[in-house]
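Single-structure report; data block below.
FYI, it's all coordinate maths here, none of it is from the lab. Quick caveat: nothing in here was measured; it's all calculated off a predicted structure. Cβ placement follows ideal geometry from the backbone for every residue including glycine, while neighbour counts extend to all protein chains displayed.
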Number of protein chains: 2
Amino acid sequence: MAAPTVTFQDYDIVATAQPGEVMLDVAHRSGVRIVSYCGGQGSCGQCEVIILEGAVKPKDPARWREEVTEDGRGRRVLACQSVITENITVEIPAHAQAEDLTIRDVETLTGELVDLSEFLPLAPLTRQFALQLPPPTHDDTLSDLDRLIHCLAADHEGLAPLTIDLSLLRQLPAALRENNFQVAIAVTDTGFTPKIAAVRPSRASEKSLGLAIDVGTSTVAVQLVDLQAGQPLAASMRRNGQISYGEDVISRIVWTQQHKDGLVQMHQAIQDTINEILSHLYAQHDVSPEEVIAVSMAGNATMISFLLNIDATPIRRTPHTPAASVLPVLEAQQLGLATHPQAAVFCHPAVSGFVGGDITAGILATRMPKSDQLCLLVDVGTNGEIVIGNQDWLMAASCSAGPGFEGVGIEAAMPATAGAITNLRYDDETDTVEYQTIQEQPPRGICGTGLVEMIASLAESQVIDRTGTINTDFPSKRVRQKDYEAEFVLLWPEETAIDEALSIRQHELDDLLRSKAAMLAGITVLLSRLGLQAEDIKRMYLAGAFGASLDVEKAVAIGLLPDIPRERIHVVGNSALAGAYLTLMSRQAREEAKAIVASLTYIDLSGDTNFMDEFVASDFIPHTDLSRFPSVNI
Amino acid sequence: MAAPTVTFQDYDIVATAQPGEVMLDVAHRSGVRIVSYCGGQGSCGQCEVIILEGAVKPKDPARWREEVTEDGRGRRVLACQSVITENITVEIPAHAQAEDLTIRDVETLTGELVDLSEFLPLAPLTRQFALQLPPPTHDDTLSDLDRLIHCLAADHEGLAPLTIDLSLLRQLPAALRENNFQVAIAVTDTGFTPKIAAVRPSRASEKSLGLAIDVGTSTVAVQLVDLQAGQPLAASMRRNGQISYGEDVISRIVWTQQHKDGLVQMHQAIQDTINEILSHLYAQHDVSPEEVIAVSMAGNATMISFLLNIDATPIRRTPHTPAASVLPVLEAQQLGLATHPQAAVFCHPAVSGFVGGDITAGILATRMPKSDQLCLLVDVGTNGEIVIGNQDWLMAASCSAGPGFEGVGIEAAMPATAGAITNLRYDDETDTVEYQTIQEQPPRGICGTGLVEMIASLAESQVIDRTGTINTDFPSKRVRQKDYEAEFVLLWPEETAIDEALSIRQHELDDLLRSKAAMLAGITVLLSRLGLQAEDIKRMYLAGAFGASLDVEKAVAIGLLPDIPRERIHVVGNSALAGAYLTLMSRQAREEAKAIVASLTYIDLSGDTNFMDEFVASDFIPHTDLSRFPSVNI
């Protein structure tokens, strides 16, 4: 009997299933990208598809569900629970299609932070030099390596001494002779003795490119940079594929402990995520992987451990110490990145298991350590972090904000890519929702910025009360019951690009409020520990899940940020990515990044009883104590 | 039909042959070591064995020879030419058994040169430190790497900063925790930033060992050293297995060019040779490979290229430039050495394709660059090298002396291991030969020292004339014809441990004379280029093939060295090995080794017409111009 096939309608793909294989795996093997947050456990419900012809067998009857579509054209099933036993034809609804990668406007991601003027002269992590070496003669019998170093040192003061790895030394004699001693040399700033990273034919067309990467727990963002010009060329982002193994760092560490080869799989997931983004960026910009010779990474200690294939278990256990704070400059091939194999990899140093390289990168990008004014950096990621200080001192704290504003666990949410709703307002008089989307594409979901505006608008129009509870008596058909809980329909199916409604459900609102409560409580308690008030903050940077388009007024209105003069608040977007860009381009920035680690003190809020009290008081819109938000009128 | 077997008598080994396999390969696979200099080409005749039962098939009829033994018990054949087609039983005569490795008295190999007193305080290439780190606590959340570096730097000034490879960093968290933060750290002096090479359980019993290795074209010598005490523990040597691919560096480079994967095979051969010596040394001294954490290598540019798997072709071609002069400190696992995988490997730098690390190591060991007297170093290896100079200048030349004094191509010769004849004198009045052997074992062959004494004695007793020609009318049955040429029987079969006569044949004497002529001509021409006479030399070092037991008088008598006052001549044995020992133990020595390269000038004698004239004139005992050897009376 021939093996059964799966025909993916609209994809022109017919794939053969292996015995016992589920549809999700067949799809992944065939290049059909179906969303799955739970890693095929049958719990997230993201991989719901429609079977048009044929039937499947339930994998786990306890998790099985099957529902005829409204128009009767097929049956909805979970791809991860459908074992293929006969030929079938399926339709992948738009909501289940993994989002296309979007090339983002670079400035939208990192806004005002990518200013290199403080870091001149530039010295990229890896520099490329075109050399015409004098060929050896009877009177000039210098060895190949000495010839190269002498020539380089003659033109570029301070570059020698230089080291080289044996693998490259093995290629050197042929590389020089095949190119008539005319070559391009890539030299990496290791932080110690510079290293020759590559010897290649000297071609005028060859680009010299680098990557700045923010390895976020929920979202990975990559910026492609022209190293010679110091110019960002493009940026792209997508969900961190590790989400299949757990939403936050703790659950992922537990997963690696409980699974054989768990660390290797976790490493593979982030490697795949980055390489998928790269493949997309390369295709758009006609880049060959060999042209990419430097990478700067910012990520929390757990993300960097996974990326480097280092056991992260000690980060989970008290006292939460990572293997290394300042990491050596590595080679891309050690991490499996799709770049030049010897491309240098700089990782932003972590202060501890809680304050990672993403935060030190953000601190670098905001220039807090150079400021004579008191600054506060709030980074809303899967884990929320707060840094306070100036040129004299720096203190950091973290609070388990949860990934809500990154869209994880919110069905209508999506990363800030094309079609994501960024601005949203509900008009209760006309019962309509006004919105804007990224790149003005038809709406597919709501990004973090949109979620903040949504809460503010629903509160203002009293669809939800100050505890975030949906008023089920609200006079609009948008308020309805689904699966025994209240939801508010933002857009009807016919208004979206995915032919499904975009709604927000009660438990999702609760999650978002807890996230913002954790952030605000963290800020309040950290300030109070230092004997400070919110009004003492002269500059406040809001970074992380929100793009630079976030309405500051709304962020204060829902009580995500304290009520301080709005002109002091700067929404800076992805400050970790901005920091990685700076260290990619500047030796001074790399030195500053390491210095930040030495000067930063971590304050542990986890056992602080004031924190729990503040958290409970902050789980309101904007806060139980309205006197703290005099300018807010919701 | 069952596969045919080969029974190796006296070995208790019965091996199954693969279809078409020759006996030599079956033997090697089965651990029966049969000598082969030509690599199974059927030309060297070393692998002659005796078939006692059964028959074999000739591999190449043109190279086939078969001879019934005198006692009729079997037939002599070449193992490399015998294809196995039926069950056979063979006897491996003593001469065809690869020599056992011999643990040599350390002082015999490197004599007076292993004096560390000029290099205090010692700083081995890799140092081991036992550390008890404070475990991380709530108030001390330093990362694992920082914890280690801080603790080390607190006790040992100047050690930080330190680097670490990703592979070791991956092991660090578990290594610290499994050993309750009590560990032994190995730190390598890379010449740049020191590197953490190993983190291990801190056990009192663990030794900290190093290796000094002379990678000679013909012979490889290894010294095992206690790094903490600076004490050589043992030494061992054996033939370089690359001899199967050619006697000298040029023929081996050609071989790598003409064979697919030739470089890999050449690399494998030297790797195997070193590892066989190591396995022998380890067994004798109860050493575990993991205890060996540092290696210092001295070898010519071609040998080091092969060891490092670097194409040596450019060394063969004008202008003979190696890939690198000063090499980075490598890891043993990159070379496949049977040591701790991260053991540091220092390679003595080469000046050029002709003046390799073996010579710069010898220069270091003799302390020439520190001397206020004019010194001359003569290194008699497969390629002969001469260095002249003092604290102000250094010049080097090379002359193709050939491997005669290393015993290659001389049937009765062997390396200077147990049973080798070192001192030898023929008494023409009693027609007897007096001799001494290493470790007073029954004689198995003659080493380089013995060959010099043999020539001097045969010339003195007029068995050979001043051209080295055997007097076939000499009244002794020791002078006889074999295979159409004259030979002189040194020992009869019943006097040797191999049950065969030890003889010297006419063409072998011619080879040895040419070797000594090349050396003497090189010295004479180099001196003359500099306007110097032999008597200007205040210290002359004779290094290389000869042990420290060589009789200086005899070396001058045969015209290997010029006729200068004997007290100026120092037979220093293996100066390359002595240099490797010094750089293994001393940072100052490593710095000096690199400085030598910068101060040394190479003089090319290859096109010098005076050299050819001098060579011809020196191809006599001691020389055509006896006025140059006034003190010699042969």
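Observations, loosely collected:
- Helix A:448-460 axis, angle to chain A major axis (alpha carbon atoms, nearest 10°): 30 degrees
- Neighbour net charge for A:GLU67 - beta-carbon separation under 13 angstrom, K R +1, D E -1: -1
- Relative contact order for chain A: 13 percent, from Cα pairs under 8 Å spaced at least 6 residues apart, divided by residue count.
- A protection proxy built from the mean count of other Cβ atoms within 10 Å ranks the segments B:331-338, A:309-316, A:64-71, most packed first, as A:309-316, B:331-338, A:64-71.
- Each copy carries A:GLN462; placing its label point 7 Å along the C-beta direction from Cα gives inter-copy distances of 13.7 nm, listed from smallest up.
- Chain B: angle of helix B:609-618 to the longest principal axis, Cα-based, in degrees nearest 10: 60 degrees
- DSSP beta bridge pairing in the protein assembly as shown, given as percent antiparallel to the nearest 5: 70 percent
- With a 10 Å cut-off around each Cβ of A:348-355, the average count of Cβ atoms from other chains is 1.
- Other-copy label distances relative to A:LYS57, 7 angstrom Cα-Cβ extension, nm: 5.6
- Pairwise centroid distance, computed over Cα atoms, of the range B:273-350 with the range A:204-239, Å: 40 Å
- Distance between the C-alpha centres of the range B:484-504 and the range B:439-469: 13 Å, rounded to the whole angstrom.
- Applying the Karplus relation 6.51 cos²θ - 1.76 cosθ + 1.60 with θ = phi - 60° to the range B:364-379 yields 3J(HN,Hα) values of 4, 5, 7, 6, 3, x, 10, 8, 8, 9, 6, 10, 10, 10, 10, 10 Hz, where x marks Gly and Pro.
- Chain A: angle of helix A:144-155 to the longest principal axis, Cα-based, in degrees nearest 10: 80 degrees
- The Cβ shell under 10 Å around B:PRO403 holds other residues with a net charge of -4, Lys and Arg each +1, Asp and Glu each -1.
- Remark: mean inter-chain Cβ contacts per residue of A:161-170 equal 5, using a 10 Å Cβ-Cβ cutoff to other protein chain atoms.
- Annotation: peptides A:585-592, A:75-82, A:479-486, B:598-605, ranked by per-residue average of other Cβ atoms within 10 Å with the highest first, follow the order A:75-82, A:585-592, B:598-605, A:479-486.
- In order along the range A:576-584, the Karplus-derived 3J(HN,Hα) couplings, from 6.51 cos²θ - 1.76 cosθ + 1.60 at θ = phi - 60°, round to 5, 5, 4, x, 5, 5, 5, 6, 4 Hz, and Gly and Pro are given as x.
- Here the range A:119-201 is assigned +1 on the Cβ of each Lys and Arg and -1 on the Cβ of each Asp and Glu. Its dipole about the Cα centre then comes out at about 280 debye.
- J(HN,Hα) series, the range A:528-544, from Karplus relation 6.51 cos²θ - 1.76 cosθ + 1.60, nearest Hz, glycine and proline x: 5, 4, 8, x, 10, 10, 4, 6, 6, 6, 8, 9, 10, 9, 9, 10, x
- The mean sequence separation of alpha-carbon pairs under 8 Å and at least six residues apart, normalised by the residue count of the range A:379-442, gives a relative contact order of 22 percent.
- Charge dipole of the range A:209-354 about the Cα centre (unit charges at C-beta), most positive-ward option of A:GLY241, A:MET297, A:LEU263: A:LEU263
- Separation of the A:ASN390 and A:MET612 label points, Cα + 7 Å toward Cβ, nm: 3.6 nm
- Extreme residue, positive dipole direction of chain B, given options B:GLY531, B:LEU308, B:VAL22 (C-beta unit charges): B:LEU308
- For the peptide B:309-316, the mean number of other protein chain Cβ atoms found within 10 angstrom of a residue's Cβ is 4.
- Taking every DSSP bridge with both residues inside chain B, close to 70 percent are antiparallel.
- Note on chain B: helix-only mean residue ellipticity at 222 nm, from DSSP H runs of 4+ residues weighted -39500 (n - 2.57) and normalised by residue number, equals -8000 deg cm²/dmol.
- With the simple model of a label 7 Å out from the Cα in the direction of the Cβ, B:GLN258 to B:SER599 spans 4.3 nm.
- With 31 Å as the limit, the listed pairs A:LYS195/B:LYS207; A:LYS477/A:LYS554; A:LYS207/A:LYS594; A:LYS538/A:LYS594; A:LYS59/A:LYS516; B:LYS538/B:LYS594 have A:LYS195/B:LYS207; A:LYS59/A:LYS516 beyond it between alpha carbons.
- All other residues whose Cβ lies under 13 angstrom from that of B:GLU495 are scored, Lys and Arg at +1 and Asp and Glu at -1, for a net of -2.
- Other-chain or far-sequence residues with amide H under 5 Å of B:ALA401's (modelled H): B:GLY384
- Calculated label separations, B:ASP115, copies of the chain, 7 Å along the beta-carbon direction, nm: 6.8
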